[in-house]
Structures are given as C-alpha cells and as structure tokens.
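Read the structure below first, then the notes.
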Amino acid sequence: MVALESTLFAHGLPGQAAPKVWSEVEGAVRDAGAVPAVIAVMEGKVRVGLDQAAWAKLGQGAEKAGLQDLGRLLAQGKTGATTVASTAFLAWKAGIGVMATGGIGGVHRENRDISADLPALALYPMVVVCSGAKSVLDLPATVEALETLGIPVVGFRTPRFPGFYLAETDFPVPAVQDEREVAQIVQCARALGLSQAVLVVQAPPEPLDRETHDRALHQALEEGRARGIRGKALTPFLLERLHQLTGGESVEANRKLVVANARLAARIARHLAPTG
Ligand code: PSU
Ligand code: MN
C-alpha cells in the first residue's frame, strides 16, 4: 500500500487541477501494482483510503490538518486534509510503511517557522518519496535540520537533493540506482530499530527553468512578507502565488512530480512487501 497526503490536493494545487491529479496519482500507484490510500479526517473520523466523493468535501475548504489538529477534529466531528506530518503518523498507525508526496515541509525563510513535517519524519519509520523540499523554503537550513534529526536522505538516481520545482540543488545526497537498493537500506534501518523515516528523493520530471522560478518566487516571498502571512497559511499562499505567477507552469511541474513520486513509492512498496 502507498499512503498519500490530502493537503497536497486540498491546499497545494488549484481547485480545478486537484481532482484530476488525484485520480492520476491513484492510477499511477495501481499501475505499479500497489494500492493507493489517500489519508484525511472526514467528519471526525480518520479515513485511510478515500473515494472521489470524499474529494467533494475535502475540496470545499477543508482545513489543513497537522498533527496538532487531529484530536480537535476528531472531537468536533470536523473534516481536515492531512499534511506530511499527520499523514506519516496515521499511515504508520495503520500499518502502511510507504508514502508519497510532492515535497516535504521544512525550515521557512522567515519567522523561524519550522514545519512539523521535520520532527514527524524523525518519529515515524516511514519511507517517504518526494522531490526534496519546496524551493520556497530555506533549503540549506532544511537539509541541516534533516541531518540534525538523523533522517536519512537517499537520492533515487540523483547525487543531489532536488528542489521540488528545480531539478537539483547544491546539496549532495548518497545516490541509489533501483528500488531494491532502497528496500535494502530500509530493511537495515528497521532491523537496527531506527525510528526515523527514510526520505527517498528524486528529481522532478519537468522542472521549471531557473529564471522563471526565481522571478516568481522572489515576488511571492515579497508579497507574503508584505501581507504578513505566516503560520500554516504560508505554504499554501506561496504555492498558489507561484501557480499564478508562472501562468500554471508550476502546476504542471507539481502534477508531474507528484505522479512520478507516487509511482516510485508503489514500486518501493512492492519490494518491501513480504512476497517481494
Ligand atoms: N507538498 C506539495 N504540496 C503541498 C505540501 C507538500 O507538493 O501542498 C504540503 C504538505 O502537506 C506539507 C505541508 O506537509 O505542505 C507543509 O506545510 P507547513 O510548512 O505549514 O508545515
Ligand atoms: Mn509552519
């Protein structure tokens, strides 16, 4: 099985694109021989595996649900889209070992805002497949934080940490060449009893060109600062502005990389399955 976070659909992509990307992602997981399970809180209940009907609810402004929100949403019968942090926790509880996302949260450039994704990845022994961390973040600080927390990063056919919209950053990572190698690393880490997730990163299939990216990002960051946007509203704000400022190019890049990550997660899940 491959767990998928729902915040990426509810807050990371524009409303029209989200259901399409959702079904493409589920299709990619199935085609690779695994079962997709999008995770969310629906009317006060944890749901592992959602149908398209659930999207109708999630798409209508469901709140972004981090770890800190889960107890309250359950108590109050509310609906929320789970982040990497809360999805990793719930997947682990449900006995699912592999998940996919676009990019993990990390250290933001301002206000010492650190995503709960980072400490969560140190706590729950998942395999998390992604395209690194979003370039809206302070990437050097994010890479440092991963190291501080003892979270191993392996580059799937890449020797550099990818930057989500960018194919690569300056940060080196140990590279692996196939799913079997990933599975072996995961099995050894589990045998030792390490709690940390294994972060498998791969380059986005269709990155933005650096100039388009840097210009849009510069403007989005300025606007966020000027409007005083902070806390959990910041990541969705920056992503939305990037989508608008690149004329949808970043949505395409985002769609392609999420699908590719889901597919790779499915292949890794198959290699980790008892039957191999
Ligand atoms: N990756 C994407 N799009 C997203 C996110 C990740 O491709 O929208 C979301 C994830 O749910 C991640 C969250 O957990 O952004 C991080 O938000 P914050 O910085 O507030 O922790
Ligand atoms: Mn934050």
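The values are calculated or read from the model by the stated rules, or taken from the named source; none is laboratory data. Keep in mind the model is a prediction, meaning the values are calculated, not measured. Every residue, glycine as well, gets a Cβ built from its backbone with ideal geometry; the counts of neighbours run over all protein chains shown. Heavy atoms of the whole protein, side chains included, go into the accessibility calculation; ligands, DNA and RNA do not. Shrake-Rupley method; radii C 1.70, N 1.55, O 1.52, S 1.80 Å.
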Among (1) outside any helix (DSSP H, G or I); (2) more than 12 Å from ligand 1 (Cβ to nearest atom); (3) open to solvent by less than 30 Å² (accessible area, probe 1.4 Å), Leu146 falls short only on (1)
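Has the stretch 2-22 got at least one residue that is surrounded by fewer than 17 Cβ atoms within 10 Å (Cβ to Cβ) and more than 22 Å from Glu252 (Cα to Cα)? Outline the logic, then answer.
Here is the first cut: in the stretch 2-22, the ones surrounded by fewer than 17 Cβ atoms within 10 Å (Cβ to Cβ) are 14-16, 19-20.
If we keep only those that are more than 22 Å from Glu252 (Cα to Cα) as well, we get none.
The answer is no; no qualifying residue exists.
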Pairs only if they're at least six apart or on different chains, beta carbon under 8 angstrom, first in the stretch 38-63 and on the phi > 0 side of the Ramachandran plot and charged (D, E, K, R), second assigned to a loop (DSSP other than H, G, I, E, B) and modelled with pLDDT of 95 or more; list them, first residue then second. Glu43/Gly77; Glu43/Lys78; Glu43/Thr79
Note: among Val186, Val251, Val259, just one is open to solvent by less than 80 Å² (accessible area, probe 1.4 Å), in a helix (DSSP H, G or I) and more than 16 Å from ligand 1 (Cβ to nearest atom), namely Val186
When the stretch 51-72 is checked residue by residue, the ones that are open to solvent by less than 30 Å² (accessible area, probe 1.4 Å) and either of a type in the set (Ser, Thr, Tyr) or at pLDDT 90 or above (or both) are Leu58, Ala62, Ala65, Gly66, Asp69, Leu70
Can you report the number of residues in the stretch 203-238 which are part of a helix (DSSP H, G or I) and basic (Lys, Arg)? 4
Kindly evaluate Thr246 against the criterion of being of a type in the set (Ser, Thr, Tyr), within 16 Å of ligand 2 (Cβ to nearest atom) and touching a residue at least 12 places away in the same chain (Cβ under 8 Å). no
Has the stretch 132-140 got any residue that is open to solvent by 10 Å² or more (accessible area, probe 1.4 Å) and either of a type in the set (S, T, N, Q) or near ligand 1 (Cβ under 10 Å from one of its atoms) (or both)? yes
